[in-house]
Amino acid sequence: MRTKIIAGNWKMNKTLEEAKALTAELISMASEIKGDAKMVLCVPFPYLLSTKDQLGKSRIQVGAQNCSEQDSGAYTGEVSALMIKSIGIPYVILGHSERRQFFKEDGKLLAIKVDKALGNDLTPIFCCGEPLEIREKGTHEVLVRKQVEESLFHLSAESVKKVVIAYEPVWAIGTGKTASSQQAQDMHAVIRKQLAAKYGDGVAQQIPILYGGSVKPDNAKELFSCPDVDGGLVGGASLKAKDFIDIVKGA
Ligand code: PEP
């Protein structure tokens, strides 16, 4: 059975002081949580190390929200996978729809970023998902399959098993509109079937597929009870300790 993962994506929010206060609340609330769900906080770059240090031996882990496709050198403002590894951070979100939309990241670039992450022993949380117009046209499965194929299918079976996939329909991100549990399950099953066709069912069954898009305490349990939904990538609700912890409880 796959262990559930609940990852919070803080995006570009919080000052250092606020980040510390939220982390402190999460540490104290996380101690009440039973079960083995993994918790990850994907925080802005300046807070990676302090958040990791603050979490200490807590069961919550830390992730970055992006990494460069380059190894090192004259790339002002960029942060490499090696830098993230060097401060002991295990996860990195790649291909979030906001990066695809605002920073024009495409499948080819993301394939390189995935390689950089894996090459530095980071677990990529690889995001895919369709915008509203594609959902309305009914071609959402075609697009998501293409996103997965373009950025992950160059990997060996051994490597792809180290990836976490997050299906995030763009129309549900930050909009308060959640995909129904049926819509989420249907797409997750499509992705798992695609992985099975390429890598075999044994590999496909090991890859966690998270759902993201307005996950809240009141819809988390239903979403996470779908057979192919292995947890969530949570934006807005991860900025409030109680909401995030209640979502984890839903897992
Ligand atoms: C996200 O940014 O990955 C996300 C899912 O955001 P929200 O939960 O706010 O929709």
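The values are calculated or read from the model by the stated rules, or taken from the named source; none is laboratory data. Remember, predicted model here, so these are calculated numbers, not experimental data. Don't worry about glycine lacking a Cβ; one is built from the backbone with ideal geometry, like all the others, and counts go over all protein chains shown. Just the protein is used for accessible areas: all its heavy atoms, side chains included, with ligands, DNA and RNA removed. Shrake-Rupley method; radii C 1.70, N 1.55, O 1.52, S 1.80 Å.
Reported count of residues in the stretch 207-239, each being within 11 Å of the ligand (Cβ to nearest atom), open to solvent by 10 Å² or more (accessible area, probe 1.4 Å) and at pLDDT 95 or above, is 5.
Listed here are the residues, each with its yes/no results for (1) out of contact with any Cys (no Cβ under 7 Å at 6 or more places or on another chain); (2) open to solvent by less than 70 Å² (accessible area, probe 1.4 Å); (3) within 24 Å of Y211 (Cβ to Cβ); (4) among the basic types (K, R).
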| position | (1), (2), (3), (4) |
| --- | --- |
| N9 | no, yes, yes, no |
| A24 | yes, yes, no, no |
| G56 | yes, yes, no, no |
| C67 | yes, yes, yes, no |
| A74 | yes, no, no, no |
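Scanning the stretch 177-189 for residues that are surrounded by fewer than 15 Cβ atoms within 10 Å (Cβ to Cβ) and either near the ligand (Cβ under 8 Å from one of its atoms) or in a helix (DSSP H, G or I) (or both) returns a single hit, Q182.
Just one of (1) more than 15 Å from the ligand (Cβ to nearest atom); (2) part of a helix (DSSP H, G or I); (3) touching a residue at least 24 places away in the same chain (Cβ under 8 Å) fails for G202. It is (3).
Taking first residues from the stretch 105-134 that are on the phi > 0 side of the Ramachandran plot and partners that are among the β-branched types (V, I, T) and not in a helix (DSSP H, G or I), the Cβ contacts under 9 Å between residues at least 6 apart in sequence or on separate chains come to G129/I173. Is it the case that K14 is assigned to a loop (DSSP other than H, G, I, E, B) and either surrounded by 15 or more Cβ atoms within 10 Å (Cβ to Cβ) or within 21 Å of the chain's Cα centre (by Cα) (or both)? Spelling it out, K14 is indeed assigned to a loop (DSSP other than H, G, I, E, B) and either surrounded by 15 or more Cβ atoms within 10 Å (Cβ to Cβ) or within 21 Å of the chain's Cα centre (by Cα) (or both). Of all residues in the stretch 76-104, those satisfying the criterion of being within 14 Å of the ligand (Cβ to nearest atom), in a helix (DSSP H, G or I) and open to solvent by less than 80 Å² (accessible area, probe 1.4 Å) are S97, E98, R99, R100.
Which one is farthest from the ligand (Cβ to nearest atom) among residues in the stretch 165-176 that are of a type outside the set (F, W, Y) and under 16 Å from the mean Cα position of the chain (by Cα)? That would be I165. A residue that is touching a strand residue (DSSP E or B) at 6+ places or on another chain (Cβ under 9 Å) and either aromatic (F, W, Y) or without any contact (Cβ under 8 Å) to a residue 24 or more places away in the chain (or both) cannot be found anywhere in the stretch 61-68.
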